[in-house]
Amino acid sequence: MRMELVAVMLLASLAARSGEDSIILPEPEEDSGVTVVEAIERRRSVRSYSGDPVSLPQLARLLHCAQGLTSPWGFRAAPSAGATYPMTLYVVAEEVDELEPGIYVFNPDGMSLEPLKEGDFLQELSEAALGQPCISGAALAVVMVADFSVTTDVYGERGFMYVHMEAGHISQNIYLQATAMDLGTVAVGAFMDDDVAGLLELGAGMIPLYIMPVGGI
């Protein structure tokens, strides 16, 4: 009964954005044939990239593995305490085929991107991350942003720990899927919170936790 209630609440919370500018992502990149064990063995933090663009189906696969819906009940690819799902993914894209440079918000319901603003912003994101060149040299970056209240309203103070656990789950999913597609990534946690929040135009209570640049290797 509790699981059914959680599922119903989750479905109710997944009201799709219906703006005309929404970009429906294509079918994700097909299975690469790399096993989970092989991806784990090959996974490394990659901080320099080839400069080749990432395809839109590859980006779709990364986002699906990070926060995509994996059941009719709205459950997602990464585990979340009580299925509260406090995380929002922002995509800062510059070299993605068939996608204009800009900042986008990933909407898991319907697998779409919601444009936030147009332009090249990886250099500015890099400067907010203490000038780390792995960000400015990437094709794109995925930024994980948390609303802690979504989980702490259910679990109290312990919810803060659960949210950080969830960020780790999402990060590892991105790592392994990037590895399987011969892409590189690295989890970046060193950045100025306020600068990243300003760039992404985050509202009150929204906290950036991770930046994951992605590029060819």
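Tabulated results
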| read-out | value |
| --- | --- |
| Orientation-averaged projected area, Cα convex hull of the range 81-192 (nm²) | 7.7 |
| Of the DSSP H helices in the chain, those whose Cα atoms cover at least 24 Å axially and whose Kyte score averages -0.5 or more | 158-180 |
| Using alpha carbons only: equivalent-ellipsoid semi-axes of the range 57-105, gyration tensor based, whole Å | 24, 12, 7 |
| Exposed GluC sites (Glu not before Pro) absent - longest run of the chain, DSSP non-H/G/I/E/B, at most 15 other C-beta within 10 Å | 31-97 |
| Mean projected area (nm²) of the alpha-carbon convex hull when the range 163-217 is viewed from all directions | 4.3 |
| Compactness of the range 22-116 - radius of gyration and Dmax, Cα, Å | 14.4, 40 |
| Cut-off under 5 Å, modelled amide H: who pairs with V105 long-range | V91, E114, L116 |
| Kirkwood hydrodynamic radius of the range 129-212, Cα pairs, Å | 13.9 |
| GNM flexibility winner over the chain from P72, P115, P133 (Cα, springs under 10 Å) | P72 |
| Per-selection Rg to Rh, the range 64-138 - Cα, Kirkwood hydrodynamic radius | 1.05 |
| Answer label, with mean projected area of the Cα convex hull in nm² calculated from the coordinates and candidates (1) 12.5; (2) 11.8; (3) 16.3 | (2) |
| For R76, residues with placed amide H under 5 Å, excluding near neighbours | T70 |
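Every number here is computed from the coordinates shown, using simple stated rules; none is lab data. Given the structure is predicted, the values throughout are model-derived calculations rather than measurements. Every residue, glycine among them, receives a Cβ derived from its backbone with ideal geometry; neighbour counts consider all protein chains shown.
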